[in-house]
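The values are calculated or read from the model by the stated rules, or taken from the named source; none is laboratory data. Bear in mind that the values here come from a model prediction, so they are computed numbers and not experimental data. Neighbour counts run over all protein chains shown; Cβ positions are idealised from the backbone, glycine included. Areas reflect the complete protein model, heavy atoms only, side chains present, ligands, DNA and RNA absent. Shrake-Rupley method; radii C 1.70, N 1.55, O 1.52, S 1.80 Å.
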Amino acid sequence: MPTPPLVIGEDYCEHPFHAKSIINISGMSYGAISAPAVRALSLGAAEAGCWLNTGEGGLSPYHLEGGGDIVMQIGTAKYGIRDQEGNFSPERAKELAKVVKAFEIKLSQGAKPGKGGLLPGTKVTNEISAIRGIPAHRDSISPNRHRDIGNVDELLDKIAHIRDLTGRPVGVKAAIGGWHFINDLCDAVNRRGSEYAPDFLTIDGGEGGSGAAPQTLFDHMSLPIAEALPRVVDALLESGLRDRVRVVAAGKLVTAARAAWALCAGADYVNTARGFMFSLGCIQAMRCHTNTCPTGITTHNRRLQRGLVVQEKYLRVANYAKNMNREIDMIAYSCGLRHARQLKREHVRIVETAGKSVALNILYPYPEILSL
Ligand SMILES: Cc1cc2nc3c(=O)[nH]c(=O)nc-3n(C[C@H](O)[C@H](O)[C@H](O)COP(=O)(O)O)c2cc1C
């Protein structure tokens, strides 16, 4: 049978999110990608039943065009959800909650952990200024951290605040550099109560893509998803929070086999940016930051955008998501399972340096407290 939907935030918020698809569209902001690219993703997501994450550039009318599920990302600059001074705006959050299914507080991403950003004034058009809530034609800085979140307790306060305010599930996106963060997070939730837990965690591997990142951070920083994911899942299992917190994995998980690996390691959903970029026609010209993308995906040049025909490309977006889900299910059936959410660590083998393979549950044994 096809993999059933899984609910995010059940029993903890007014409007839990029934997320239908295993494969979903990772955050890519309007600004980093073009209007036709966002429109094709929006229509494709609605057709396939997957969610579309806005990225940190705010919610644009293009995201809403398809009428599918939207996850609104809250970046460090709070683009699209800020007041005149750049602070988080409760009024704006309540407005957004009418049209989005969940909120995601972005702490970091695998391609450039610890790095903020600068949007040059030349790119801050009147439209971008209105969507992001920033002055037009002036440089805009994204800090490298949330100024109103200095530690894990303040993060939990923010999660609970936004959930109460909006009635929508609230998650956290982070790249992983070591085990302190996830251990501290689980300890703090258990100290304060499960109503403070994030409804989902999006774990971004160091191999995660980006429209623009310094090469050194891109190549060398943040743990790969293969290492980060099993340990994050273990921390949730050990602290009794695995059923409370859904796990989304990302980082070059662009084939059904890699996505199935992530489910085996303990993820509930998989996000990809790169996979959907390819479905839009990305040829990896490596010019995302130059406004000269030859495929029209990351350029605001109207002439170059003409190559991206929304009515054609949205079907490819939908087909990619649908076929990924179908093939992940096929892998699960091949393991003798009913659906993909039954995949476990013993269903995957990892080839070690000597060429021998070892089952993932031997490499990363489940915590002893569990009899799975
Ligand atoms: C063009 C582009 C724009 C992106 N913009 C954002 C963003 O606004 N916020 C964010 O958290 N991640 C952003 N990312 C990173 C992805 O959401 C995600 O972390 C990573 O790309 C997932 O790995 P994958 O691309 O290997 O599938 C962007 C990635 C790309 C390719």
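Kindly list the number of the only condition in (1) under 30 Å from Val38 (Cα atoms); (2) open to solvent by 70 Å² or more (accessible area, probe 1.4 Å) that fails for Arg349.
(1)
Only one of these is modelled with pLDDT under 95 and open to solvent by less than 50 Å² (accessible area, probe 1.4 Å): Pro143, Pro135. Name it. It would help to see each step written out before you state the result.
Numbers: Pro135 fails: open to solvent by less than 50 Å² (accessible area, probe 1.4 Å).
Exactly one residue qualifies, and that residue is Pro143.
Considering only residues that are among the β-branched types (Val, Ile, Thr) and surrounded by fewer than 24 Cβ atoms within 10 Å (Cβ to Cβ), look in segment 1-35 and name the one that is nearest to the chain's Cα centre (by Cα).
Kept after step one, since they are among the β-branched types (Val, Ile, Thr), are these residues of segment 1-35: 3, 7-8, 22-23, 25, 33.
Subsequent filtering for residues that are surrounded by fewer than 24 Cβ atoms within 10 Å (Cβ to Cβ) retains 3, 7.
Numbers: Thr3: 20, Val7: 16 Å.
Among those residues, the one meeting the criterion is Val7.
Within segment 237-263, track down each residue that is in a helix (DSSP H, G or I) and surrounded by fewer than 24 Cβ atoms within 10 Å (Cβ to Cβ).
To start, the set of residues in segment 237-263 that are in a helix (DSSP H, G or I) comprises 237-238, 256-263.
Selection gives Leu237, Glu238, Ala256, Ala257, Arg258.
Quick check on my filter: what residues within segment 325-345 are assigned to a helix (DSSP H, G or I) and either within 26 Å of the chain's Cα centre (by Cα) or β-branched (Val, Ile, Thr) (or both)?
Of segment 325-345, the ones assigned to a helix (DSSP H, G or I) are 325-334, 340-342, 345.
Scanning segment 325-345 gives Asn325, Arg326, Glu327, Ile328, Asp329, Met330, Ile331, Ala332, Ala340, Arg341, Gln342, Arg345.
Considering only segment 195-212, I want to know if a residue exists there that is within 11 Å of the ligand (Cβ to nearest atom) and more than 21 Å from Val270 (Cβ to Cβ).
If we filter segment 195-212 for residues that are within 11 Å of the ligand (Cβ to nearest atom), which is where we start, we get 202-212.
From what is left, the residues that are more than 21 Å from Val270 (Cβ to Cβ) are 212.
Yes, the conditions are met somewhere in segment 195-212.
Here is a list: Ala45, Ala40. Which entry is buried (at least 24 other Cβ atoms within 10 Å of the Cβ), in a helix (DSSP H, G or I), in contact with a Gly (Cβ under 7 Å, 6 or more places away or on another chain) and touching a residue at least 60 places away in the same chain (Cβ under 8 Å)?
Ala45
In a strand (DSSP E or B), within 15 Å of the chain's Cα centre (by Cα), within 14 Å of the ligand (Cβ to nearest atom) and within 25 Å of Tyr196 (Cα to Cα) - does that describe any residue in segment 221-232? Spell out the reasoning first.
The first filter runs over segment 221-232 and keeps only residues in a strand (DSSP E or B), leaving none.
Checked segment 221-232: no residue is in a strand (DSSP E or B), within 15 Å of the chain's Cα centre (by Cα), within 14 Å of the ligand (Cβ to nearest atom) and within 25 Å of Tyr196 (Cα to Cα).
In segment 57-64, is there at least one residue being closer than 20 Å to Gly209 by Cβ and within 16 Å of the ligand (Cβ to nearest atom)?
First, pick out the residues of segment 57-64 that are closer than 20 Å to Gly209 by Cβ: 57, 63.
With within 16 Å of the ligand (Cβ to nearest atom) added as a condition, the list becomes 57, 63.
For segment 57-64, residues closer than 20 Å to Gly209 by Cβ and within 16 Å of the ligand (Cβ to nearest atom): present.
What is the one condition in (1) at pLDDT 95 or above; (2) part of a loop (DSSP other than H, G, I, E, B); (3) within 16 Å of the chain's Cα centre (by Cα) that Ala111 does not satisfy?
Of everything listed in (1) at pLDDT 95 or above; (2) part of a loop (DSSP other than H, G, I, E, B); (3) within 16 Å of the chain's Cα centre (by Cα), Ala111 misses just condition (1).
Taking segment 69-78 only, how many residues are buried (at least 23 other Cβ atoms within 10 Å of the Cβ) and outside any strand (DSSP E or B)?
Adding up the residues that qualify gives 3.
Yes/no matrix, rows are residues, columns are (1) modelled with pLDDT under 95; (2) surrounded by fewer than 17 Cβ atoms within 10 Å (Cβ to Cβ):
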{"position": "Thr299", "(1), (2)": "yes, no"}
{"position": "Gly307", "(1), (2)": "yes, yes"}
{"position": "Val310", "(1), (2)": "no, no"}
{"position": "Asn325", "(1), (2)": "no, no"}
{"position": "Ile331", "(1), (2)": "no, no"}
{"position": "Ser334", "(1), (2)": "no, yes"}
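Filter segment 79-105 down to the residues that are farther than 17 Å from Phe17 by Cα and surrounded by fewer than 21 Cβ atoms within 10 Å (Cβ to Cβ) and list them by number. I'd like the intermediate steps shown before the answer.
Pass one, segment 79-105, residues farther than 17 Å from Phe17 by Cα: 79-92, 95.
The answer is Arg82, Asp83, Gln84, Glu85, Gly86, Asn87, Phe88, Ser89, Pro90, Glu91, Arg92, Glu95.
Please pick out the residue among Arg168, Arg163 that is surrounded by 14 or more Cβ atoms within 10 Å (Cβ to Cβ), in contact with a Cys (Cβ under 9 Å, 6 or more places away or on another chain) and in a helix (DSSP H, G or I). Steps first, answer last, please.
On the way: Arg168 fails: in a helix (DSSP H, G or I).
From the options Arg168, Arg163, the qualifying one is Arg163.
For segment 271-290, which positions are open to solvent by 10 Å² or more (accessible area, probe 1.4 Å) and either in contact (Cβ under 8 Å) with a residue 24 or more places away in the chain or assigned to a helix (DSSP H, G or I) (or both)?
Of everything in segment 271-290, those that are open to solvent by 10 Å² or more (accessible area, probe 1.4 Å) and either in contact (Cβ under 8 Å) with a residue 24 or more places away in the chain or assigned to a helix (DSSP H, G or I) (or both) turn out to be Ala273, Arg274, Met277, Phe278, Ser279, Gly281, Cys288, His289, Thr290.
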